[in-house]
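Peer 1: I have a structure here, written as structure tokens, and I will follow up with some questions on it.
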Amino acid sequence: MTTLTQTGLVLETEKVLLRPVETSDFDTFLQLAQDREMWQYFSLDLSDAAQLRNWMDILFTDKAERTRLPFTIVEKATGLVAGSMSLMNISFHHLRLEIGASWLGRSFRSTGINLHAKYAMIRYAFEELKFERVEFKTDVLNTRARKGLQKAGGVEEGILRSHMTMWNNRRRSSVFYSILKAEWPGLQQTIFSNIQ
């Protein structure tokens, strides 16, 4: 458990560095988040300063309760902040966690950053924490995210109807995906074979 809760935990690949979210990331996040279309499928509209502050408060509360590790994603080649992603809904008893609350600024999409960040987190969950299951969920309407989760090796499991309240008061149905520990070696040899 100390590995998961250490304050300075950093995960990385050759392309990305994931460091803990800091309060000082607020202004950078707000600037990255100004494309309002990004938040169509997200529970909060992070282009709004008040909602972004609320979202960051939630991250830090969950971190204090040891159910989430929120990361700031940094593109190594430029040193620029690209977005954020979390290890969340962490259950030590059930040996599972979710990789979620994932978003990237528009200019960082389709660059491989998302796959690298997910790889670093999945590797940590299975190889360091020795967990048995990694989960993902997204809006059932978000075809882009669904394709991305399949590309990262996620197996679709089912839909929870009327699962979440969105910032625009729409009720979201969520589709769940997972990767199991036994599947990880095969994914390293296939989907993630070019990532170090």
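The values are calculated or read from the model by the stated rules, or taken from the named source; none is laboratory data. Since this is a predicted model, take the numbers as computed values, not measurements. Here Cβ is always computed from backbone atoms with ideal geometry, including for glycine, and neighbour counts include all displayed protein chains. What goes into the accessible areas is simple: the full protein's heavy atoms, side chains included, and nothing from ligands, DNA or RNA. Shrake-Rupley method; radii C 1.70, N 1.55, O 1.52, S 1.80 Å.
Peer 1: Using a cut-off of 22 Å between alpha-carbon atoms, which lysines can reach K137, once sequence neighbours fewer than 8 places away in the same chain are excluded?
Peer 2: K63, K118, K147, K151, K181
Peer 1: Moving to a separate point now. Students often check this: by mean Cβ neighbours within 10 Å, which of 35-42, 172-179, 155-162, 115-122 ranks highest, and how do the rest follow? Before the final figure, lay out each step's value.
Peer 2: On the way: 35-42: 15.4, 172-179: 19.1, 155-162: 11.6, 115-122: 23.8.
Listed from highest to lowest mean packing, they are 115-122, 172-179, 35-42, 155-162.
Peer 1: Which one, Q34, I159, N54, is farthest towards the positive end of the dipole of the chain when Lys and Arg carry +1 and Asp and Glu -1 on their Cβ?
Peer 2: I159
Peer 1: Now, a different point. Given the DSSP H assignment, sum -39500 (n - 2.57) over each helix run of at least 4 residues in the chain and divide by its residue total; what's the result at 222 nm in deg cm²/dmol, nearest 500? Please list the in-between numbers first.
Peer 2: Details: 6 runs with 53 residues, N = 196.
Calculated at 222 nm, the ellipticity per residue is -7500 deg cm²/dmol.
Peer 1: Over region 33-125, with a single point scatterer placed on each C-alpha, what log10 of the ratio I(q)/I(0) does the Debye formula yield at q = 0.11, 0.18, 0.20, 0.21 1/Å?
Peer 2: The Debye formula, applied to the Cα set alone, gives -0.33, -0.88, -1.06, -1.15.
Peer 1: Round to a whole number: what % of the accessible area of region 135-196 belongs to carbon and sulfur, probe 1.4 Å?
Peer 2: 51
Peer 1: Run the dipole for the chain about the Cα centre, Lys and Arg Cβ at +1, Asp and Glu Cβ at -1, nothing else charged, and hand back the magnitude in debye, nearest 20. Walk me through the numbers on the way to the answer.
Peer 2: Details: 25 positive and 22 negative charges, 97 e Å.
Charge dipole of the chain: 460 debye, to the nearest 20.
Peer 1: For region 1-95, give the percent of accessible area contributed by carbon and sulfur heavy atoms, probe 1.4 Å, rounded to a whole number.
Peer 2: Details: 2360 of 4730 Å².
Percent of accessible area from carbon and sulfur atoms in region 1-95: 50.
Peer 1: From the phi of every residue in region 27-38, what ³J(HN,Hα) in whole Hz does the Karplus formula 6.51 cos²θ - 1.76 cosθ + 1.60 yield, where θ is phi - 60° and glycine or proline is x?
Peer 2: 5, 5, 4, 4, 5, 5, 8, 6, 6, 4, 4, 4
Peer 1: Sticking with this one: Residue by residue through region 81-91, what is 3J(HN,Hα) from phi via Karplus (6.51 cos²θ - 1.76 cosθ + 1.60, θ = phi - 60°)? Round to whole Hz and write x for glycine and proline.
Peer 2: 6, 9, x, 8, 7, 10, 8, 9, 6, 6, 10
Peer 1: Still on this structure, I have one more. Give me Rg/Rg_expected for region 6-83, where Rg uses Cα atoms only and Rg_expected = 2.2 N^0.38 Å with N residues. Walk me through the numbers on the way to the answer.
Peer 2: Numbers: Rg = 12.9 Å, N = 78, 2.2 N^0.38 = 11.5 Å.
That works out to 1.12 for region 6-83.
Peer 1: Order these peptides, 18-31, 134-147, by their mean beta-carbon neighbour count within 10 angstrom, highest first. Numbers along the way, then the final one.
Peer 2: Working: 18-31: 15.3, 134-147: 18.4.
The peptides rank, most packed first, as 134-147, 18-31.
Peer 1: Further question: What is the list of residues in region 126-150 whose amide nitrogen lies under 16 Å from a point 7 angstrom out from the Cα of W167, following Cα to Cβ?
Peer 2: 139
Peer 1: If you don't mind, there's one more thing I want to ask. Under a point-charge model restricted to the Cβ atoms of Lys and Arg (+1) and Asp and Glu (-1), what is the dipole moment magnitude of region 118-196 relative to its Cα centre, in debye to the nearest 20? Intermediate values should be presented prior to the final figure.
Peer 2: Working: 14 positive and 8 negative charges, 87 e Å.
Dipole magnitude for region 118-196 comes out near 420 debye.
Peer 1: Would you mind pulling out the separation of the Cα centroids of region 135-196 and region 114-128, in Å?
Peer 2: Answer, in whole Å: 14.
Peer 1: Going by amide H atoms built from the backbone, whose H comes under 5 Å of the H on I73, apart from near neighbours?
Peer 2: Distant-sequence amide H within range of I73: A82, G83, S84, M85.
Peer 1: Determine by what factor the alpha-carbon radius of gyration of region 130-196 differs from 2.2 N^0.38 Å, reporting the quotient.
Peer 2: Working: Rg = 13.9 Å, N = 67, 2.2 N^0.38 = 10.9 Å.
In units of the globular-protein estimate, region 130-196 measures up at 1.28.
Peer 1: Next up: Among the aspartates and glutamates, select those whose C-alpha is under 14 Å from the C-alpha of K15, and discard any that sit fewer than 8 residues away in the same chain.
Peer 2: Straight-line reach from K15, under 14 Å: E75.
Peer 1: Here is a follow-up. Which of the following values of Cα extents along the principal axes in Å was calculated from the structure shown: (i) 41, 38, 33; (ii) 46, 34, 33; (iii) 95, 27, 23?
Peer 2: Recomputing Cα extents along the principal axes in Å here picks out (i).
Peer 1: Based on DSSP H assignment, which helices of the chain show an axial Cα extent of at least 20 Å together with a mean Kyte-Doolittle hydropathy greater than or equal to -1.0?
Peer 2: Numbers: long enough: 49-64 (22 Å, -0.11).
Qualifying helices, which must be both long enough and hydrophobic enough, are 49-64.
Peer 1: Hey, another quick one. Using the heavy atoms of the protein chains and a 1.4 angstrom probe, tell me the accessible area per residue for region 19-158 in square angstrom.
Peer 2: Values: 6410 Å² over 140 residues.
Roughly 46 Å² per residue, with all protein chains present.
Peer 1: Putting +1 on Lys and Arg Cβ atoms and -1 on Asp and Glu Cβ atoms, find which of S24, L80, L141 reaches farthest to the positive end of the dipole of the chain.
Peer 2: After comparing all options, I get L141.
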